[in-house]
Amino acid sequence: MDKRLSNLASEAAPFMARDRGRHPPAYAPGYKSSILRAPGEALVSFESTLSEKTGPAFGHNVIGALDNDLIHNFAKPGESAIGERIIVHGRVLDENGRPVPDVLVEYWQANAGGRYRHKREGYLAPLDPNFGGFGRSLTDSEGRYWFRTIRPGAYPWPNGVNDWRPAHIHFSVFGSGFAQRLITQMYFEGDPMIAQCPIVRTIADPAAIAQLVAALDMANAVPMDSRAYKFDIVLRGRRSTFFENRPEGN
Ligand SMILES: [Fe+2]
């Protein structure tokens with residue numbers, strides 16, 4: 001088949017079924033707010049439509065120069081956010097191990113004290129006037145993304161009597177099809193609060209939890225500036241084999 005046609009066929013191919021065994025159950029009483037919002041009926045699946053398989057598409061012009069720099073994108077000129085400076089980077093891949101290029105990766109987080117810039121946020125830690133807590137990137141042709149930020153602080157939340165969220169960064173990823181949309185959280189290697197967290201504990205498989213923990217990556221640290229953490233993200237794959245389509249992954 002002509003390569004262009006085979007690429008189009010690949011883009012419209014159906015996605016693999018979600019492996020519900022790796023995802024936490026919707027109803028997890030240890031995570032209190034799941035009790036009311038978990039569906040009471042069995043889920044119903046629909047065939048996905050062509051627009052769900054092929055969209056969305058983002059142009060590089062949607063990304064501003066400081067969008068992937070949370071240390072500066074909310075700061076006054078000449079100032080910067082307070083906290084431990086870090087780089088977070090990784091690749092967005094599908095279940096077949098193929099890089100997913102040109103996808104929008106959005107990330108948001110609390111400041112170094114564990115406080116969000118949000119009007120309903122009530123934690124007593126102070127706001128940092130130079131930190132907004134939001135950024136975004138587009139993956140490159142190899143599925144890579146990277147951004148610069150400060151390490152977020154842990155914060156308490158009203159679940160049990162004394163529950164704290166481990167330091168984490170929220171991620172939203174639009175894949176090359178809406179069916180690949182993923183919203184998740186990234187944790188930091190070595191944080192003792194991960195094992196204590198009631199949300200993390202809804203995940204039964206320790207290997208799945210490990211996939212949410214970014215590894216300290218000193219090889220990509222910037223000396224006298226920032227440490228680095230590596231976090232790869234895997235989206236649903238298309239039900240098309242590596243051999244039939246996109247042999248070079250492009
Ligand atoms: Fe959070």
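The values are calculated or read from the model by the stated rules, or taken from the named source; none is laboratory data. All of these numbers come straight from a predicted model, not from anything done at the bench. Neighbour counts run over all protein chains shown; Cβ positions are idealised from the backbone, glycine included.
Being within 16 Å of the ligand (Cβ to nearest atom), over 26 Å from residue 211 (Cα atoms) and among the aliphatic types (A, V, I, L, M) narrows it down to one residue among 127, 70, 66; which is it?
Numbers: 70 fails: over 26 Å from residue 211 (Cα atoms); 66 fails: within 16 Å of the ligand (Cβ to nearest atom).
The match here is 127.
Tell me, yes or no, whether region 31-41 has at least one residue that is touching a helix residue (DSSP H, G or I) at 6+ places or on another chain (Cβ under 6 Å) and modelled with pLDDT of 85 or more. Step through it out loud before you land on a result.
Taking region 31-41 as the starting set, the residues that turn out to be touching a helix residue (DSSP H, G or I) at 6+ places or on another chain (Cβ under 6 Å) are 31.
Keeping just the survivors that are modelled with pLDDT of 85 or more gives 31.
Within region 31-41, one or more residues are touching a helix residue (DSSP H, G or I) at 6+ places or on another chain (Cβ under 6 Å) and modelled with pLDDT of 85 or more.
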Self-check item: Yes/no for residue 19 being out of contact with any Phe, Trp or Tyr (no Cβ under 6 Å at 6 or more places or on another chain) and modelled with pLDDT of 85 or more
Solution: no
Exercise. Return the residue satisfying two criteria in turn: it lies in region 163-181 and is more than 16 Å from the ligand (Cβ to nearest atom) and among the hydrophobic types (A, V, I, L, M, F, W, C), and of such residues it is nearest to residue 54 (Cα to Cα).
Key: 178
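With the requirement that a residue be surrounded by fewer than 16 Cβ atoms within 10 Å (Cβ to Cβ) and either among the aliphatic types (A, V, I, L, M) or modelled with pLDDT of 95 or more (or both), what does region 106-126 give you? Steps first, answer last, please.
The initial filter retains those residues of region 106-126 that are surrounded by fewer than 16 Cβ atoms within 10 Å (Cβ to Cβ), namely 106, 118-124, 126.
If the condition is that a residue be surrounded by fewer than 16 Cβ atoms within 10 Å (Cβ to Cβ) and either among the aliphatic types (A, V, I, L, M) or modelled with pLDDT of 95 or more (or both), then 106, 124, 126 are the ones that fit.
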Practice problem: Tell me which residues, restricted to region 57-87, are more than 30 Å from residue 188 (Cα to Cα) and surrounded by 10 or more Cβ atoms within 10 Å (Cβ to Cβ). | Solution: 57
Exercise. Being in contact with a Leu (Cβ under 7 Å, 6 or more places away or on another chain) and at negative phi is the filter; apply it to region 133-149 and report the residue that is farthest from the ligand (Cβ to nearest atom).
Key: 138
Quiz prompt | In region 202-215, the residues that are in contact (Cβ under 8 Å) with a residue 24 or more places away in the chain, surrounded by fewer than 16 Cβ atoms within 10 Å (Cβ to Cβ) and out of contact with any Pro (no Cβ under 9 Å at 6 or more places or on another chain) | solution = 205, 215
